[in-house]
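Have a look at the structure below, then the notes.
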Amino acid sequence: MKLKESGEMYLETIHVLSLKKPYVRSIDVVDYMGYSKPSVSRAVGLLREGGYLTMDSDGSLHLTDLGKEVAEKTYERHTVLSKFFINIGVSEEVATADACKMEHVISDETFAALKKYAHLD
């Protein structure tokens, strides 16, 4: 299953929340992303079917190795792009918003070159 941008966003969100909390549930994703409970429930179901995450009987969400790989890659792109844009004079708000859009479409080659150029690796 090829992930769409929204799937990457959900995985990244679960990853970010898991760095801050001992466990992550769907309601945490709802609160963080501002999406409806049915939307998050549907996305979680699709991500579980795709092998990107699992859910415990208590509702705790856990990224699989595949899900963690995607989430960490997306999160790294987001943080590096944000830092780069801020370093060249873009406001933090705009830098973060632009990074959020670009993190899903930038090629591995271009991202690696940007990291090397900006000394952000």
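The values are calculated or read from the model by the stated rules, or taken from the named source; none is laboratory data. Fair warning: this is a prediction, and the values are worked out from it, not measured in the lab. For neighbour counting, all protein chains shown are included, and Cβ atoms are generated from backbone atoms with ideal geometry for every residue, glycine included.
Observations on the model:
- Options L81, L61; residue that is crowded, with 19+ Cβ neighbours inside 10 Å and not in a helix (DSSP H, G or I): L61
- Enumeration of residues in region 23-50 that are under 19 Å from Y75 (Cβ atoms) and not charged (D, E, K, R): Y23, V24, V29, Y32, M33, G34, Y35, V40, A43, V44, L47, G50
- Of all residues in region 65-76, none are touching a strand residue (DSSP E or B) at 6+ places or on another chain (Cβ under 9 Å), outside any helix (DSSP H, G or I), without any contact (Cβ under 8 Å) to a residue 24 or more places away in the chain and surrounded by fewer than 18 Cβ atoms within 10 Å (Cβ to Cβ).
- You will find that of A43, A95, the residue that is in a helix (DSSP H, G or I) and either charged (D, E, K, R) or assigned by TED's automatic domain parsing to the domain that holds E12 (or both) is A43 and no other.
- I14 vs. criteria touching a strand residue (DSSP E or B) at 6+ places or on another chain (Cβ under 9 Å), among the β-branched types (V, I, T) and either buried (at least 20 other Cβ atoms within 10 Å of the Cβ) or more than 22 Å from R77 (Cα to Cα) (or both): yes
- Test: K4 is under 19 Å from L120 (Cβ atoms), surrounded by fewer than 18 Cβ atoms within 10 Å (Cβ to Cβ) and either in contact (Cβ under 8 Å) with a residue 24 or more places away in the chain or out of contact with any helix residue (DSSP H, G or I) (no Cβ under 6 Å at 6 or more places or on another chain) (or both): no
- All conditions but one from (1) assigned to a helix (DSSP H, G or I); (2) of a type outside the set (K, R); (3) in contact with a helix residue (DSSP H, G or I) (Cβ under 6 Å, 6 or more places away or on another chain) apply to H104; the one that does not is (1).
- The number of residues in region 84-110 being surrounded by 19 or more Cβ atoms within 10 Å (Cβ to Cβ) and either in contact with a Gly (Cβ under 6 Å, 6 or more places away or on another chain) or of a type outside the set (A, V, I, L, M, F, W, C) (or both) comes to 1.
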